[in-house]
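The block underneath contains the structure these notes are about, expressed in structure tokens.
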Amino acid sequence: MTAMLALADVEVRYGRLVALRGLSLEVGQGEIVCLIGPNGAGKSTTMAAIAGGVARVAGSIRFEGTELPARKPERIARLGLSLVPEGRHVFGTLTVEENLRIGGYMRPNARESAAALERVAGYFPKLKERWRAPAGRLSGGEQQMLSIGRALMTNPRLVMVDEPSLGLAPLIVDTVYEILLELREREGLTLLINEQSSHRILRFADRIYVIRNGAIQLHGTADELRDGEAIKAAYFGFGASVAQAGAPSGAAA
Ligand SMILES: Nc1ncnc2c1ncn2[C@@H]1O[C@H](COP(=O)(O)OP(=O)(O)OP(=O)(O)O)[C@@H](O)[C@H]1O
Ligand SMILES: [Mg+2]
């Protein structure tokens, strides 16, 4: 199987700081893959590198067999890749509908744009209820949905979601994940999701990569990693034996 998205030996530096040091990962068509890791591990940088938002990237990033151009976010979006950034970034004074229309700016005509809006409304009935409300008045969960809805407006085949659960109540997070699952089931949407915790991911992801210090420490299917011990060890950076001997059952793993 050739992966839909394949990163090989990717290195990113911010000045003297090495944020990604030889990172490799793959996402297959229709998969839900999760990248989990602590603060500063390089999760957002990985997505930024894919989306064309990083100045210099060494190594290879291929989408459907094609090497992605560096620093060309718009061209990359046109290839069918969409990013839902960390912290949502909706335009607070614009309405829900206007925010979505901005997401669909690449739509060539009004009919397609209307169809894309209809589709988003179908997946997010809560947003439909607030169609004319300024986005700044939405709850955090609704803003997350809006941010995902906006990413869907370009009709992507692969969507990257950076920490969808950040700052949201568990019940809302479940709703967000259920909608992502539905998108995969009904449309075959491929998903790469960043999270700080493996807790929910083990339920929703097909495969998991653990990133720490700019490199992948561990990867496997959710089934293989189900008991969480290996994830914990990779996440905190200590050996499995230490993990078994009473590792901190921290917030993360
Ligand atoms: N624009 C930037 N300029 C300089 N350093 C940066 C920049 N963005 C990230 N970094 C640094 O790169 C490293 C990786 O950061 P990144 O944001 O990718 O981590 P993360 O895994 O997404 O963390 P978090 O869970 O906090 O979102 C960190 O050391 C961070 O401080
Ligand atoms: Mg981040």
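The values are calculated or read from the model by the stated rules, or taken from the named source; none is laboratory data. It should be emphasised that the depicted structure is a prediction, and the values quoted were computed from it without experimental measurement. FYI the Cβ positions are ideal-geometry reconstructions off the backbone, even for glycines, and counts take in every protein chain you see.
Residue under question is L218, and the condition is that it be hydrophobic (A, V, I, L, M, F, W, C), more than 16 Å from ligand 2 (Cβ to nearest atom) and farther than 28 Å from E11 by Cα; does it hold? Criteria not met by L218. Could you list, in sequence order, all residues of region 50-92 that are touching a Pro at 6+ places or on another chain (Cβ under 6 Å) and polar (S, T, N, Q)? Listed by number, the list holds a single entry, S82. Could you tell me which numbered condition V161 fails, if it satisfies all but one of (1) within 16 Å of ligand 2 (Cβ to nearest atom); (2) in a helix (DSSP H, G or I)? Unmet condition: (2). Just a yes or no: is a residue in region 71-93 surrounded by fewer than 22 Cβ atoms within 10 Å (Cβ to Cβ), within 16 Å of ligand 1 (Cβ to nearest atom), closer than 21 Å to G220 by Cβ and not hydrophobic (A, V, I, L, M, F, W, C)? Within region 71-93, not a single residue is surrounded by fewer than 22 Cβ atoms within 10 Å (Cβ to Cβ), within 16 Å of ligand 1 (Cβ to nearest atom), closer than 21 Å to G220 by Cβ and not hydrophobic (A, V, I, L, M, F, W, C). Only residues that are more than 19 Å from I216 (Cα to Cα) and surrounded by 15 or more Cβ atoms within 10 Å (Cβ to Cβ) were counted in region 55-66, giving 2. Applying the criterion of at least 3 residues that are without any contact (Cβ under 8 Å) to a residue 12 or more places away in the chain and within 15 Å of ligand 2 (Cβ to nearest atom) to the strands (runs of 3 or more DSSP E) found wholly in region 1-50 leaves an empty list. Residue check: I193 meets all listed conditions (1) modelled with pLDDT of 95 or more; (2) part of a helix (DSSP H, G or I) but one, namely (2). When M153 is tested against (1) crowded, with 18+ Cβ neighbours inside 10 Å; (2) under 22 Å from G40 (Cα atoms), just one condition goes unmet, and that condition is (2). Here Q144 passes the criteria (1) away from ligand 1 (no atom under 16 Å from the Cβ); (2) at pLDDT 95 or above; (3) assigned to a helix (DSSP H, G or I) except the one numbered (1).
Suppose we filter region 164-183 for residues that are among the hydroxyl-bearing types (S, T, Y) and within 16 Å of ligand 2 (Cβ to nearest atom); how many remain? Number satisfying all stated conditions: 1. Scanning region 187-218 for residues that are more than 16 Å from ligand 1 (Cβ to nearest atom) and crowded, with 16+ Cβ neighbours inside 10 Å, we see that the one that is nearest to the chain's Cα centre (by Cα) is L191.
Looking only at region 88-117, which residues are part of a loop (DSSP other than H, G, I, E, B) and at pLDDT 90 or above?
Hits for region 88-117 are V90, F91, G92, T93, L94.
R186 meets each of the listed conditions (1) within 16 Å of ligand 2 (Cβ to nearest atom); (2) in a helix (DSSP H, G or I) apart from (1).
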